[in-house]
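The values are calculated or read from the model by the stated rules, or taken from the named source; none is laboratory data. Given the structure is predicted, the values throughout are model-derived calculations rather than measurements. Heads up, the Cβs are rebuilt from the backbone with ideal geometry, glycines too, and the neighbour counts pull from every protein chain shown. Accessible surface areas use protein heavy atoms only, side chains included; no ligands, DNA or RNA. Shrake-Rupley method; radii C 1.70, N 1.55, O 1.52, S 1.80 Å.
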Amino acid sequence: MSDAINSRIHGFYKLPVGARLDALTEHAALDPEARRWFERGGALGVSAADKMSENVISVHGLPLSVALNFRINQRDLVVPMAVEEPSVVAAASNAARMVRESGGFFGEADAPIMTGQVQFDDVADPDRAAERVMAERERVLRAGDASIPRMVERGGGCRDLDVRVLDRAAGVMVVHLYVDVGDAMGANTVDTVVEAVADELHALVGGTLGLRILSNLTLRRRVRVRCDVSAEAVGGAAVADGIWRASRFAELDVHRAVTHNKGFMNGLDAAAVALGQDWRSLEAAAHAFVSLEGKYRPLSTWARTATGLTGRAELPLAVGTVGGSTTAHAGVRAAFQVLRVAGAQELAVVLAAAGLASNLAALRALAGEGIQKGHMKLHARKSEGEASVAAPAMNGHANGHAVRP
Ligand code: MEV
């Protein structure tokens, strides 16, 4: 990928929409095809929509924006976001600006390993059945590979399996298959594999064959991001302390943790929607992940340092840069042209960074003058019919978003 992108575009929010496209062309190498798509208003068109879903009667629109100022793993990126909630984009941009002063976001994603499940009930001796499966591990994995030859050609394929006994007395067990899906989200690939190996597994396990489907809890496909931000950038030591106390509040209280995580997912989901990802699977996985230890936790935490704060987040994130609507939807292809990531692992890091930025912006607002001031201003603008220009005019902190993204 080219390194020529500059995501810090001064005064972007003040420009008319056409001039924003000029600025993106200049600073972020927006290509002419993507630009034409944006200029046409990005409407998918009923005939393309009709190929994507069923009983289509029209096309549903959302604002498509770009979040600026992101620097991730020492590279500038312009992050497309599609979201109906005012100020999410301004908030993320504003937090990304503060974070870039301390070097930006850093992150890494696991190899793209998806999990598939094959369920069995009424198994006579689950432990013996598990041993039989493990003894035939290689043969099962190769049978799985045979069902996805093109994925194997591209370097993916079945990597591992394990067996979990869920209820010994009732003979309920599940075989997990772990499949490297490359740059795809991978749901179809995994579903193909588990359906292909189910009969072979059934012959080994006995009992009654049940479901054959991916698990959206993609524990072997996680992403981790972190960033530093100075106390000065967030508005002083008292605000930094407040952000840290807000983080501790979320760690101690499920009621707060849910709202904290909603703020995190504001940015992550907005980018996921713009980039054609299955945001329902991302939501399901994220909330399950933070509940695994029996207590719902925040997705991100903020620790106070000598000079400011360090934020960290980890979550399972199954996203793709090929297949699905990344291929079928011209607007999603245009959004990827803006983002310019090398593949699914880099995309995962970007989405998690967008989440951490949104979270920081929200906590900063809450720890400072409060969220409601900004919301009130914003709502006033909305009722004046000016919602589309809400972000530039804000000088409060709706959603944590500050004045000058
Ligand atoms: C609103 O969309 C999100 C917030 O409620 C998040 C938070 O409270 O941390 C502001």
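Of note:
- Solvent-accessible heavy-atom area per residue, rounded to whole Å², over the chain at 1.4 Å: 44
- Most to least packed among 296-308, 357-369 [average Cβ atoms within 10 Å]: 357-369, 296-308
- For the chain, the longest principal axis of the alpha carbon atoms and the long axis of helix 126-135 meet at an angle near 80°.
- On Cα atoms only, tilt of 372-383 relative to the major axis of the chain in degrees: 80
- Solvent-accessible area assigned to carbon and sulfur over the chain amounts to 52 percent, based on a 1.4 Å probe.
- Contour excess over end-to-end distance, with Cα ends at Ala288 and Asp199 and 0.36 nm allotted per residue: 29.1 nm
- Dipole magnitude for region 160-292: computed about the Cα centre from +1 point charges on Lys and Arg Cβ and -1 point charges on Asp and Glu Cβ, it is near 420 debye.
- Its DSSP H runs of at least 4 residues, each contributing -39,500 (n - 2.57), put the calculated 222 nm mean residue ellipticity of the chain at -14500 deg cm²/dmol, to the nearest 500.
- GNM result for the chain, Cα springs below 10 Å: residue of Arg142, Arg312, Arg333 fluctuating most strongly: Arg142
- Lys-Lys pairs in the chain that are eight or more residues apart or on separate chains and whose Cα atoms lie under 25 Å of each other come to 8.
- Stretch gain in nm, segment Arg137-Arg245, where the contour uses 0.36 nm per residue and the Cα spacing is subtracted: 34.0 nm
- Loop-resident GluC sites (Glu not before Pro) (DSSP state other than H, G, I, E or B) in region 1-90 with no more than 12 further Cβ atoms inside 10 Å of their Cβ: Glu54, Glu84.
- For the chain, convex hull volume per residue from C-alpha positions, Å³: 158
- DSSP-loop GluC sites (Glu not before Pro) across region 262-347, with at most 14 other Cβ within 10 angstrom: Glu293
- The 3J(HN,Hα) values that the Karplus relation (6.51, -1.76, 1.60; θ = phi - 60°) gives for region 236-245 are, in residue order, x, 4, 5, 5, 4, 4, x, 5, 5, 5 Hz. Gly and Pro appear as x.
- Rounded, prolate or oblate (a/c below 1.5 giving rounded, otherwise prolate when a/b exceeds b/c) for region 43-184 by Cα gyration tensor: prolate
- Against the main long axis of the alpha-carbon atoms of the chain, helix 88-100 sits at an angle near 90°.
- Reduced Cα scattering model of region 1-109, Debye log10 I(q)/I(0), q = 0.13, 0.20, 0.21 Å⁻¹: -0.59, -1.11, -1.17
- Region 60-118 shape via C-alpha gyration tensor axes, a/c threshold 1.5: oblate
- Prolate/oblate/rounded call for region 113-215, Cα gyration tensor, a/c under 1.5 rounded: prolate
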